[in-house]
Amino acid sequence: MHVILLDALANAGGAVGAGLAAVGAGIGIGQIGKGALESIARQPEASNDIRANMILTAALVEGASLFAIIVGFLAMVL
């Protein structure tokens with residue numbers, strides 16, 4: 001009985017964790033893009049540097065969120 005309950009809680013927790021990671025990554029990348037566009041609007045001559053930093057930061061956020069999603073899926077499977 002208790003094993004079934006713990007398995008169901010692990011599945012629910014993993015699904016919620018993976019969903020929160022995906023939503024958090026979407027919000028974070030949106031904030032990065034917003035900040036980059038505002039910066040480019042203020043200083044158009046620095047657009048190449050700002051764009052490069054934006055892509056690098058978005059890739060780091062994407063990597064961290066992918067790791068969190070995989071951990072959530074593993075919590076459901078294992």
From the list (1) 17, 14, 12; (2) 26, 15, 11; (3) 39, 10, 4, can you say which value of semi-axes √(5λ) of the Cα gyration tensor in Å was derived from the structure given?
(3)
What is the angle, in °, between the Cα long axis of helix 47-77 and the longest principal axis of the Cα atoms in the chain? Nearest 10 is fine, range 0 to 90.
0 degrees
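Helix-only mean residue ellipticity at 222 nm, the chain, DSSP H runs n ≥ 4 weighted -39,500 (n - 2.57), per residue, nearest 500. What is it?
Details: 2 runs with 72 residues, N = 78.
Helices in the chain give a 222 nm mean residue ellipticity of -34000 deg cm²/dmol.
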Measure nothing fancy, just the Cα-based angle from helix 2-42's long axis to the longest principal axis of the chain, in degrees from 0 to 90, nearest 10.
0 degrees
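Here, each number is a calculation from the coordinates, and none is a lab measurement. Note that the structure is predicted; figures quoted are calculated from it, not measured.
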